[in-house]
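Every read-out reported here was derived from the displayed coordinates using simple, explicitly stated rules and does not represent laboratory data. Every value quoted in this text rests on a predicted model; they were computed, and no experiment measured them. Every residue, glycine among them, receives a Cβ derived from its backbone with ideal geometry; neighbour counts consider all protein chains shown.
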Amino acid sequence: MQEEHIAIAIDGPAAAGKSTVAKIVAEKLNYIYVDTGAMYRALTLKALNDGVDPSDEAAVINLLLETNIELANDSTGQRVILDGKDVTEEIRYQPVSANVSYIAKLTAVRQEMLKRQRELAKDRGVVMDGRDIGTHVLPGAQVKIFLVASVDERAKRRHDENIAKGIPSDLDQLKAEIEKRDEIDTNRETAPLVKADDAVELDTTSLSIHEVVHSILQEVEKYKNKQN
Ligand SMILES: Nc1ncnc2c1ncn2[C@@H]1O[C@H](COP(=O)(O)OP(=O)(O)OP(=O)(O)O)[C@@H](O)[C@H]1O
Ligand SMILES: Nc1ccn([C@@H]2O[C@H](COP(=O)(O)O)[C@@H](O)[C@H]2O)c(=O)n1
């Protein structure tokens, strides 16, 4: 019998570890990995480069409709290609992080992103991470995880990551930026950051990456065993 390919939705606040574990889980299951935050970040980068006001919904949706965003998986992880140019590193820079949640709260933008994200997930095993995957993008996902960690731990992890990459980093500024993004993402009208009723919440504050991956794979096993 052919093995069932399922959808795994991983949501949660900024820097909770979603993309790190989503990538590993996808690799282990031989599924595709989709980082939906990267799509909002790519659009934000383009808006900033083109001088488009992130709160001008008509201008931003027009921009998105003429924008091609590709997520390409390779041995280094996921590359983000914006209109043919690799912007994987650039979309992580501070100005993008500081503006992305303003763009992501625009209803028209979310509707278009949802369409594109569902298309990416169609007919295949997928691990998708973001803020509204279990609630809106893939409400029928067979496994839903809501990852959380204390804001101090999340800021510290991101700070350590920056230092390791040689990126200048200020812990207090990072914490404030993470809190601000969480606040906008949680309080927006359209598809806010919230745990789906049927998601399993994992607090990773004192868990290792390996332990988080293990817990998610256990949820996948539980789902598969229920089917047999
Ligand atoms: N359980 C963990 N223990 C320790 N460090 C972790 C853990 N999970 C993730 N990290 C580290 O925390 C940092 C942030 O993780 P990651 O980028 O995966 O978060 P994210 O939720 O995808 O963030 P964002 O929402 O900003 O895209 C990375 O440096 C990652 O290696
Ligand atoms: N499904 C999603 C994913 C992301 N966002 C917005 O993008 C921002 C950046 O996402 P990261 O995962 O790279 O941190 C995030 O803060 C949200 O504003 C979203 O709205 N929905």
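Does region 75-117 hold any residues that are over 15 Å from residue 34 (Cα atoms) and among the β-branched types (Val, Ile, Thr), and which are they?
87, 91, 96, 100, 103, 107, 109 - these are the residues of region 75-117 that are over 15 Å from residue 34 (Cα atoms) and among the β-branched types (Val, Ile, Thr).
Could you list, in sequence order, all residues of region 65-119 that are in a loop (DSSP other than H, G, I, E, B), aliphatic (A, V, I, L, M) and surrounded by fewer than 18 Cβ atoms within 10 Å (Cβ to Cβ)?
none
Among the residues of region 129-146, is any at negative phi and free of Cβ contacts under 8 Å to residues at least 24 places away in the same chain?
Looking for residues that are at negative phi and free of Cβ contacts under 8 Å to residues at least 24 places away in the same chain, one finds none in region 129-146, hence no.
Do we find that residue 86 is in contact with a strand residue (DSSP E or B) (Cβ under 6 Å, 6 or more places away or on another chain), within 13 Å of ligand 2 (Cβ to nearest atom) and of a type in the set (Asp, Glu) in this structure? Give the derivation first.
Working: in contact with a strand residue (DSSP E or B) (Cβ under 6 Å, 6 or more places away or on another chain): yes; within 13 Å of ligand 2 (Cβ to nearest atom): no; of a type in the set (Asp, Glu): yes.
In short, no.
In region 120-228, which helices (runs of 4 or more DSSP H) lie fully inside it and hold 2 or more residues that are under 14 Å from the mean Cα position of the chain (by Cα) and surrounded by 14 or more Cβ atoms within 10 Å (Cβ to Cβ)?
171-187
Quick grid of which residues meet (1) within 16 Å of ligand 1 (Cβ to nearest atom); (2) at positive phi; (3) surrounded by 24 or more Cβ atoms within 10 Å (Cβ to Cβ):
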| position | (1), (2), (3) |
| --- | --- |
| 5 | no, no, no |
| 8 | yes, no, yes |
| 11 | yes, no, yes |
| 16 | yes, no, yes |
| 20 | yes, no, no |
| 34 | yes, no, yes |
| 52 | no, no, no |
| 56 | no, no, no |
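Quickly run through region 174-191 and pick out the residues that are within 15 Å of ligand 1 (Cβ to nearest atom) and not small (Gly, Ala, Ser).
Scanning region 174-191 gives 174, 175, 177, 178, 179, 180, 181, 182, 183, 184, 185, 186.
So, in region 8-46, how many residues would count as being assigned to a helix (DSSP H, G or I) and closer than 21 Å to residue 178 by Cβ?
16
Of (1) among the aliphatic types (A, V, I, L, M); (2) more than 22 Å from residue 201 (Cβ to Cβ); (3) within 14 Å of ligand 2 (Cβ to nearest atom), residue 32 satisfies all except one. Which?
Single failed check for residue 32: (3).
State which residue pairs qualify: first residue of a type outside the set (Lys, Arg) and inside region 154-175, second residue part of a loop (DSSP other than H, G, I, E, B) in any location, beta carbons under 6 Å apart, and separation of 6 or more residues or different chains.
Going by the 6 Å Cβ cut-off, the qualifying pairs are 159/169; 162/169; 163/169.
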